[in-house]
Structures are given as C-alpha cells and as structure tokens.
Amino acid sequence: MDTNPSSQRMILTAWAVGAVFIFLRSLPFLLFPEIHFDADQATIGLMALRLAHLEDFPIFMYGQKYMMAPTAYLAAPIFVVTGASIAVLKSIELLFNLATLALLLRQLVRDAGLTPWQALAASSWLVLPSVVTGTRLVESTGGNIQPFFWILLLWELRQKGALLGVVIAFGVLNRELTLFGVTALLVVELAFERQLSRAYLVRRARTLAAYVVINTVFVELARRSVDYRGTRPWLEPPTLESAARNLVFLVENLLPALLGVAPGELRHTGIRADGPSGTPGMAGVMYLLLALGGCLLAGLTLRRLRGGVPALASCGHALYLVGAGVQSMLAFVLVLPWAPDGGMVRFILLALLLLVGITELVMQDLPRARAVVSAVCVVAAVLQLGTHVTFWREAYTHPPAPHFQPVVDELKRQGIHHALSDYWTAYPISFLSNEEIRVATSTRPARIRAYQQGYRDHLAEAVDIQPEPCAEGLERFVVGELHVCRATDPERAIWK
C-alpha cells in the first residue's frame, strides 16, 4: 500500500465519508432505541450490567455454550457511569461498523490496487445497505457485524502464526460464522498461492496451537458462570427436501431483504416504524446484476486460472471475500434444519462480502471499466439512500412510542421488583429497569437462573406481565397493551 502522506490522507477522507453514511443509517437506532430492541439484545445488556456490578463474569451469551459477547465487556465500564442504555449498546456495534470499513478500505487499496474512492464505491454494499440489513448491523447481540470485522482481521494477520490463531479463537467463539473466513483463507493459501513451504507449515502449526489453547481456556472459564447452559448450534445432516426449501426461501425472501428490494412494510421485519422495507420494483434489476456479477466472476476467475498460480494469487483478497460470502449462503441452504423465516437474513449478511469481492475483482481485472463499476455501486447506494431517507423522516416525524419503558416506570412506582413474562418481554424490562425489576420468563429460553429463582422466592409480591387479560380478580393494572396480574403459580418460572 502506498505510504505517501497524501495517499494516506485520501484513504482517511474516503473512510470519513463512508463513516458519515454509516453513522446516519445507524442514527435512528441511537435516538429512538426501542425502534428495534428485543430480548436477545437485552440479554447482552443484562450481561454488561452484571459485569458492571461485578455480579458475574460471563463468557458466552446467557443460556448458550457459544456466541461470546465482547459487546457486554465493552459496555460494562460505560454502564458503571450511565446505567442501562440501549444507545450505548448500539454505539459499540456502530464502532465495529466503522472499524470494519477501515480494514476493508485499507485492504482494497493495498491488495487490489484501487484508489481510495474506488475502494469506497466497492465497499458501498456494506456502507449503505438496505434499511433491514442496516438494522441488523447495529443489533447489540454483536453476532452480525462482528464476523465481518473478524474475517477482515484474519486477512490482515494472515502472515502471522500464533497471533492469527488467537484472533481465530476469539472470532469463532464470538460467532461461528467466522469459520467461513478461516476456510476461505486456507483455500486461498493452499489452492491459489500454493503455500506449502516448511516455514508456512510451521506458521500454521503455531496458529493451530494458539487457537486450541485460547479456545480451551475460554470454554473452561465459561463453565464458572452459573448461567452457562444450553447447546451449541443445532446441526442436522442435510436432506434434499430441506436444502430445496431453504434455497427457494433464500432466493425469494432473504436475498431481496438483504439487498433492499423485498416488498412489504418495515413493521413486518421487527422495526417499529412505518414505511416500505425496500424498493420491490428493483427486484428484476437486482437479479440481473447478480447474474451479470456471477458471469463476470466465473469468466475472470477462469481467465486467471489459465495464467497459473501467480495470476490467481494476485487476486487472492477478492477470492477470499467471495469465498466467505458464498459459504454463508451455502451453509444456510445445507445446514438449517428448521423452517426459515424472515429474521434469518442475519445468517446471510456475509453475502455482502460476495458483492464486495465481485466488485473488487472486476475493478482489478478490467481497469477501464472501473468508472462504470463505481457508477453502478453509487447508483445502488443512492437507491438505498432513498429508503433510508423515508425511514429517517418517518422516525423523526412520528417517533415510536416507547413500548417497554412505561411498564418499567409503573412497576418502579409501585415498588415491584420481581415479575414473570414471556421471553420477548421479560429481558427488555429487566434491562431498562437497570435490573431493579428482575423478570423471569415463562417461555424458552430461560437464560438467567437468578431471575427464575427470585420469582419463586418472592411470589407473594411478584406479578405476571402478559398481553392477555388477567384471570378474574388477579388484575392489578394495565399499561398500554400489557396486563399486570398478581402472581399465583411458581412453576411458571421454567428452568429447563
């Protein structure tokens, strides 16, 4: 990469422009936190609160044996000062977005020879995606944006030995999707670069040793948490029926949602705002561009194959991104054992790297077409910007009324500290109350043992929070759509 100060300033300027768009697409979720906040995100917040209070030192997301939660550790010191804050949680994911863009721009300039502005155009698929995709990239579970960061960091450290193993361990423990980067890296190194020297094998042996040590240490540490339970991701042998079902759903639902051309309303995607979820009239254009990109990818790769190892090695970064993106879609098609739904767009977010990789390869191999390709990327980003502007206008002119906070305020006013509700209601209330109200859950997953036991131990003063009316004589008060009833059955606080 050019170390000329003026070139470095240009890269920094391109990053700053991209950072502005990332900040703007994330801003509604910082200003109106409940516009997209659920129990999974609240769980990470509760982990951070318990860290801040030195009550627990969890490694993995409560209720699971995977998905390490660095967001909780980064938020905990801030929560000591601010208390519970959705905006703080989402700000940390925003920082991961910005760090990911910095890595991507650096690699596109250094490894593909693009100018900083061409690199920014190629990165626009990640900088300004659809509203639905942008929402997922600042979800405070951390399992959505962080795999992008880890995968790009793997490439940055690929010449290292033990240090690469440490990063692989953290990345895979954080989100198993990081494995797509590991396998893509091995393919690039072994198949395209033909790295089989003794020095390479020693380096990778150190990588493996470091991975095993770090993984073992953190799994053992995790066992010390009282809430370490659950299972690893459920995998089943693929069947033709499930693969066909998943493939159809991927093409008809998830890819349009990912790229912002799906019909429907934002409210149907878990976002508490009115407005379209995309530009459905552009679906045909999207499929045409994907087909053209696939053809260009195949043609340019075959041309490089004829040039031998050096020709392939020179486009290793592009093929690395393509490999990680393709694997995310293949894994969804082949591995998912249950019926898919629209929320599973999070499983194919890494497909954005496929688009970046194709764009990079075309720009790298067809220098005369760089202006045209950059223009296509800019036009696509402008179309996405239109849906973001509609979303911003709706959020600012008709901000969503808080859903959980009024319940929290009333429970505090009445001095209630223990309650029971369904999973999707229990943990947001617990988090927003700064754990002053500990709400057990009557539905799976029950993630925090102390909440379940606290409800049982304080049944006389506890309440049940539910959307349906209470049984006769049990209702205490109603807040919005939620009924608060006297608790009567300790067995409803499950722990299975």
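Bear in mind these aren't lab numbers, they're just calculated from the coordinates by the rules spelled out. Note that the structure is predicted; figures quoted are calculated from it, not measured. Virtual Cβ from ideal backbone geometry, glycine too; neighbours counted across all protein chains shown.
When each of the peptides 351-361, 395-405 is scored by how many other beta carbons lie within 10 Å of its residues on average, the order from highest to lowest is 351-361, 395-405.
Model label sites at Glu468 and Ile78, defined 7 Å from Cα along the beta-carbon direction, differ in position by 4.0 nm.
Here the extension length gained between Arg486 and Ala401 equals 28.0 nm, from 0.36 nm per residue of separation less the Cα-Cα distance. Available extension along the chain between Val372 and Gln453 is 22.9 nm, counting 0.36 nm per residue and deducting the alpha carbon span. Around the amide H of His418, modelled in the peptide plane, lie the amide H atoms of Arg438, Val463, all under 5 Å away and 5 or more residues distant in sequence or on another chain.
Which order, highest average first, do 251-263, 315-327 follow once you tally other Cβ atoms within 10 Å for each residue and take the mean per peptide?
On the way: 251-263: 21.4, 315-327: 23.8.
Put in order of decreasing packing, that is 315-327, 251-263.
The length gained on full extension between Leu95 and Arg303, counted as 0.36 nm times the residue separation minus their Cα-Cα distance, comes to 71.0 nm.
Assuming a ≥ b ≥ c are the square roots of the Cα gyration tensor eigenvalues, decide whether segment 404-462 counts as rounded (a/c under 1.5), prolate (otherwise, with a/b larger than b/c) or oblate. Oblate is the answer for segment 404-462, as a/c is 1.5 or above yet b/c matches or exceeds a/b. For the chain, the Cys residues with no second cysteine's beta carbon closer than 4.7 Å are Cys295, Cys315, Cys377. Using θ = phi - 60° in the Karplus curve 6.51 cos²θ - 1.76 cosθ + 1.60, the 3J(HN,Hα) couplings for segment 324-336 round to 5, x, 5, 4, 4, 6, 4, 5, 4, 5, 8, 9, 4 Hz; x is entered for Gly and Pro. For Met67, the amide hydrogen comes within under 5 Å of the amide hydrogens of Glu176, counting only partners 5 or more places away or on other chains and with H modelled in the peptide plane.
For segment 377-421 versus segment 180-225, the inter-centroid distance based on Cα atoms is 41 Å.
With each label modelled as a point 7 angstrom along the Cα→C-beta vector, the Tyr200-Thr13 pair spans 4.0 nm.
A cut-off of 5 Å between modelled amide H atoms, ignoring neighbours fewer than 5 places along the same chain, links Arg476 with Val484, Cys485, Arg486. Among the trypsin sites (Lys or Arg not before Pro) in segment 67-171, which ones are in a DSSP loop with at most 12 other Cβ atoms within 10 Å of the Cβ? Mind listing them? Answer in residue order: no site qualifies.
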